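Structure first, commentary second.
Bear in mind these aren't lab numbers, they're just calculated from the coordinates by the rules spelled out. On a predicted model such as this, the values are computed, not experimentally measured, just so you know. All Cβ positions, even for glycine, are placed from backbone atoms using ideal geometry, and neighbour counts span all protein chains on display.
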Amino acid sequence: MRATVLDVVRDVVDQRAPDERPLVDDLTGMDYGLVVRRLRQANDGRGGDPLGFGLSEVTAFVTPVVLLAVDEACRAAVAEATGRLLSRALGRLRPPSRRPTAPPEVPDLDRNQLAAVRRRVRTEAVRRGLPEPDAEALADSVVARLALAGTEGSEQAEGSEQAEGSEQAEGSEQAEGSEQDGASAT
């Protein structure tokens with residue numbers, strides 16, 4: 001299984017802002033769509049306590065910056081891959097769902113997309129008051145984790161293919177062995 005947006009956020013937070021880990025853990029149990037909407041509203045200056053459990057009292061710099069930047073990159077990559085026209089048409093046909101949404105898996109991002117994420121994280125981190133060197137380090141951490149996320153699915157797919165191949169080989173060896181056993185018994 002590929003990494004989700006929250007997996008990437010959790011890993012970056014663990015590395016750059018471990019004190020924000022409880023916030024990320026709390027986000028894991030919430031409706032992902034609601035989390036993103038509320039963080040966007042707060043980011044645009046339209047909300048006091050975006051998630052309803054004291055985020056305004058917590059000085060959380062890294063979590064909202066990383067979550068919004070990675071979410072935007074994933075949405076843009078999926079829209080680019082599937083074609084904007086198709087996704088708009090399907091969005092209009094589908095009634096809004098009342099079910100909670102899970103965080104999306106991170107698609108493979110190319111160099112240009114990773115560069116855009118880096119710029120977005122750095123710019124947003126500086127805007128929120130992080131010193132320039134810290135913003136650069138945060139942006140580098142996000143891009144490094146996203147680059148790893150792109151290899152996770154292919155490594156797991158290769159591993160499962162290899163496991164299936166070895167299981168098939170073992171199965172055919174066992175079948176040959178039982179045939180030989182049957183032949184020697186007669």
Note: A79 to D31 extended length (0.36 nm per residue) minus current alpha-carbon separation gives 15.1 nm
Simple spin-label estimate for A144 and N112 in nanometres, 7 Å along Cα-Cβ: 2.7 nm
